[in-house]
Amino acid sequence: MVLDELPPLREVIATHGLAAKKSLGQNFLLDLNLTRRIARAAGPLEGETVYEVGPGPGGLTRALLAEGAARVITVERDARCIPALQQIAAAYPGKLQIIEDDALALDEAKLFDKPVRVAANLPYNVGTALLVKWLSAETWPPFWKSLTLMFQREVAERLVAKPDTEHYGRLSVLTQWRANAKIQFDVSRSAFVPPPKITSSIVRIEPLAKPVADARLSDLEKVTAAAFGQRRKMLRQSLKTLSPDAEQLVMEAGLDPTARAETLSVADFAALTRIFFRS
């Protein structure tokens, strides 16, 4: 199936000299059938504004527009990619806005007047940092109504992991405290140019109306950092970095001081946060 009237991505990359830069964490997706599958996972897109970070030569951008997005706003820090994106903008008049900037430095809440869908093949070197930024928004519900993102498989497994499983950790708690995350499908190494060393996964994340349990985010981050910073240690030991009275405070939260971080639920971490950082 032909996606649009634009040239194949290999031709676009050759025309604009877009060899992927390792320093920018770039791995380009060239299979337009695959980018279309990702766009569908981000949907429904009809009438929606979609925010895309790191579009590169625009494979996913084209798929988002072909799948019916009313408007796509892309943020790309690699100036080499801008002409290729401008070519897409010309093919979809009035539907593509290109911002040349670093997404980590942007305040997206000021970009949009209503919640948008986020879809991105995130550069591996900034993917987790961007997710934490979006999950840490002061205003909640946030500027996004869904995130459909590409991560390394190992990171994707952390996002959805449950207590007492191999991948459960700080990122699991911070994600699930405010959102639902689900792995949609895996993407083979061979789908990328250059092929990365690992398998990737598409994850869809949707914000909860309110957190699972009351806690101040900045304090929850401190508790999870301390608890998971010394994996396999009991809470009474790992949380001593927060208070010399850690054992007593853990008991006040209704938890066993000899328990380990990886066995606690998200609500348990919120309870610890309220006790350790009560006013």
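Comparison of Thr263, Thr273, Thr241 shows that the only residue that is out of contact with any helix residue (DSSP H, G or I) (no Cβ under 7 Å at 6 or more places or on another chain) and either without any contact (Cβ under 8 Å) to a residue 40 or more places away in the chain or of a type in the set (Val, Ile, Thr) (or both) is Thr263. Remark: pairs (first residue in segment 200-225, under 30 Å from Gln237 (Cα atoms) and part of a loop (DSSP other than H, G, I, E, B); second residue β-branched (Val, Ile, Thr) and at pLDDT 95 or above; Cβ separation under 8 Å; 6+ apart in sequence or on different chains) = Val212/Val266; Ala213/Val266; Ala215/Thr273; Arg216/Thr273.
Among all residues of segment 22-36, there is none that is among the β-branched types (Val, Ile, Thr) and farther than 30 Å from Lys197 by Cα. Within segment 46-79, being among the charged types (D, E, K, R) and farther than 11 Å from Leu3 by Cβ holds for Glu46, Glu48, Glu52, Arg71, Glu76, Arg77, Asp78. Those strands (runs of 3 or more DSSP E) of segment 46-113 in which 3 or more residues are crowded, with 23+ Cβ neighbours inside 10 Å, within 17 Å of the chain's Cα centre (by Cα) and touching a residue at least 40 places away in the same chain (Cβ under 8 Å) occupy 49-53.
The condition (being of a type in the set (A, V, I, L, M), over 20 Å from the mean Cα position of the chain (by Cα) and at pLDDT 95 or above) is satisfied by just one residue among Leu220, Leu235, Leu171: Leu235.
Looking at Ala191, Ala161, just one residue is free of Cβ contacts under 8 Å to residues at least 12 places away in the same chain and either farther than 19 Å from Ala215 by Cβ or among the aromatic types (Phe, Trp, Tyr) (or both), and that residue is Ala161.
The values are calculated or read from the model by the stated rules, or taken from the named source; none is laboratory data. It should be emphasised that the depicted structure is a prediction, and the values quoted were computed from it without experimental measurement. Neighbour counts run over all protein chains shown; Cβ positions are idealised from the backbone, glycine included.
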